1. So which of T32, T9, T45, T15 ends up being over 24 Å from Y176 (Cβ atoms), at pLDDT below 95 and among the β-branched types (V, I, T)?
2. May I ask you to list the residues in segment 98-139 that are part of a loop (DSSP other than H, G, I, E, B) and open to solvent by less than 60 Å² (accessible area, probe 1.4 Å)?
3. For segment 184-206, name all the residues that are over 17 Å from the mean Cα position of the chain (by Cα), in a strand (DSSP E or B) and small (G, A, S).
4. Go through the residues of segment 334-352 one by one and say whether even a single one is modelled with pLDDT of 95 or more, surrounded by fewer than 16 Cβ atoms within 10 Å (Cβ to Cβ) and polar (S, T, N, Q).
5. Just give me the residues in segment 41-77 being among the hydrophobic types (A, V, I, L, M, F, W, C) and in a helix (DSSP H, G or I), in sequence order.
6. Against the definition (modelled with pLDDT of 95 or more, surrounded by 15 or more Cβ atoms within 10 Å (Cβ to Cβ) and assigned to a helix (DSSP H, G or I)), how does Y176 come out, yes or no?
7. Could you check segment 285-314 and list, in sequence order, the residues that are without any contact (Cβ under 8 Å) to a residue 24 or more places away in the chain and either open to solvent by 10 Å² or more (accessible area, probe 1.4 Å) or among the charged types (D, E, K, R) (or both)?
8. So is R330 surrounded by fewer than 17 Cβ atoms within 10 Å (Cβ to Cβ) and in contact with a His (Cβ under 8 Å, 6 or more places away or on another chain) or not?
Amino acid sequence: MHVLVTADTISGSWTYTRELVTGLVTRGVRVTLVSFGEIPLPEQTAWMELLHGLDYRPTAFRLEWMDEAPDDLLESSQFLASFVREVRPDILHLHQFCHGNLPVEVPRVIMAHGDVISWTQAVQGCSPRPTPWLKWYRDTLVRGIAAASALVAPSAWMLDSIRSNYTRPRHEAVIYPGRNPIFFNPYVSKDDSVLSVGRLVDAGKQVFLLTQHSQPFSVCIVGAEQTVPMPRVPIRADVKVATDTSSVAIRGPQTEAQLRALYSRAAIYAATARYEPLGMSALDAAFSRCAIVANDIPAFREVWGDAALYFRTNDARSLADTLSQLDSDRALRQAYSDRAYTRARERFTTKRMIDDYLELYRSLVSTNSLAA
């Protein structure tokens with residue numbers, strides 16, 4: 001089987017793409033990867049070097065949620081359609097909605113890893129203000145979703161959001177994200193610390209909740225989801241604020257090794273986000289055997305169930321109280337660490353994710369062959 005995957009290099013979905021592509025290639029699938037957005041640095045694509053048979057084509061076409069996207073859509077669609085006719089894949093796996101109606105005779109799968117309207121509803125508590133650009137955006141997404149062979153969402157919550165804000169897909173499926181457990185160390189002795197990932201200015205991640213009250217643990221906030229290459233000269237981008245009652249360290253972007261070390265040492269991961277369709281950071285924490293303290297939103301409830309402790313939605317005081325509960329009850333903290341780790345191993349591995357995708361791909365290829 002030959003799958004052509006399109007990717008977004010700017011958002012946190014690049015990690016998801018890496019898991020998908022690596023998982024497919026190691027299962028014997030031929031993969032062609034086309035990226036949109038910024039051209040990644042060579043260090044950011046180093047993981048591709050060991051994937052025999054992967055064909056990678058970076059482009060700088062704008063992503064559909066960008067203000068200038070209407071200027072690029074026709075050209076990017078023409079490029080992608082021409083490229084599909086050239087390489088002749090069996091399946092298109094798209095990470096942008098706008099190419100769902102590409103005029104090619106190939107089954108098209110859209111992976112809905114986020115959108116502007118659901119982000120605004122979750123973060124701002126209302127639908128976005130009508131503008132000509134928003135009308136273009138919504139109409140573009142409706143056409144892409146309606147024409148696609150299938151739409152995959154990372155949660156039932158996200159799928160419901162797509163249905164209500166845009167249109168019902170022809171075929172739909174929920175395939176939860178997965179990670180390879182081999183990347184993480186769940187057996188390191190834990191520090192009395194809390195880790196969270198997200199920029200302080202990002203209202204969607206709202207990691208600033210950890211800074212609103214004194215915390216019983218030292219807190220580390222990593223200010224970027226995407227990892228960075230190891231610099232030749234060490235660069236410190238850390239800020240630490242400590243008082244008699246609390247300690248908060250703000251770190252800049254980390255290398256993969258640095259970030260995994262932080263996960264392995266942290267006792268607790270604070271999943272503070274208002275909007276988190278993919279939730280890759282919480283997965284990394286679970287595979288590192290961190291206890292997960294999560295904002296009480298539907299996406300986290302669906303994914304983590306009783307394997308996480310929840311604080312009252314968007315409430316910094318409730319978050320501090322929940323962390324205090326784990327500070328005073330180490331047995332409870334250990335129990336939730338084990339619950340998160342077990343749930344991740346049972347439900348959210350790359351192997352399970354790839355199994356689900358291959359089943360979907362085969363059914364679409366079979367249906368397409370019968371129709372031809």
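1. Result of the check over T32, T9, T45, T15: T45.
2. G100, L102, V104, V106, P107, A112, H113, G114, D115, P128, T131, listed by residue number.
3. Within segment 184-206, just S193 meets the criteria.
4. Checked against the condition, which is being modelled with pLDDT of 95 or more, surrounded by fewer than 16 Cβ atoms within 10 Å (Cβ to Cβ) and polar (S, T, N, Q), segment 334-352 yields at least one hit.
5. Listed by number, the residues that qualify are A46, W47, M48, L50, A69, L73, L74.
6. no
7. Hits for segment 285-314 are D296, R301, Y310, R312, T313.
8. Spelling it out, it is not the case that R330 is surrounded by fewer than 17 Cβ atoms within 10 Å (Cβ to Cβ) and in contact with a His (Cβ under 8 Å, 6 or more places away or on another chain).
The values are calculated or read from the model by the stated rules, or taken from the named source; none is laboratory data. Here the structure is a predicted model, which is why all the values come from computation and not from measurement. Methodologically, a virtual Cβ is constructed for each residue, glycine included, from the backbone with ideal geometry; neighbour enumeration extends over all protein chains shown. These accessible areas exclude ligands, DNA and RNA; they are computed on the full protein's heavy atoms, side chains included. Shrake-Rupley method; radii C 1.70, N 1.55, O 1.52, S 1.80 Å.
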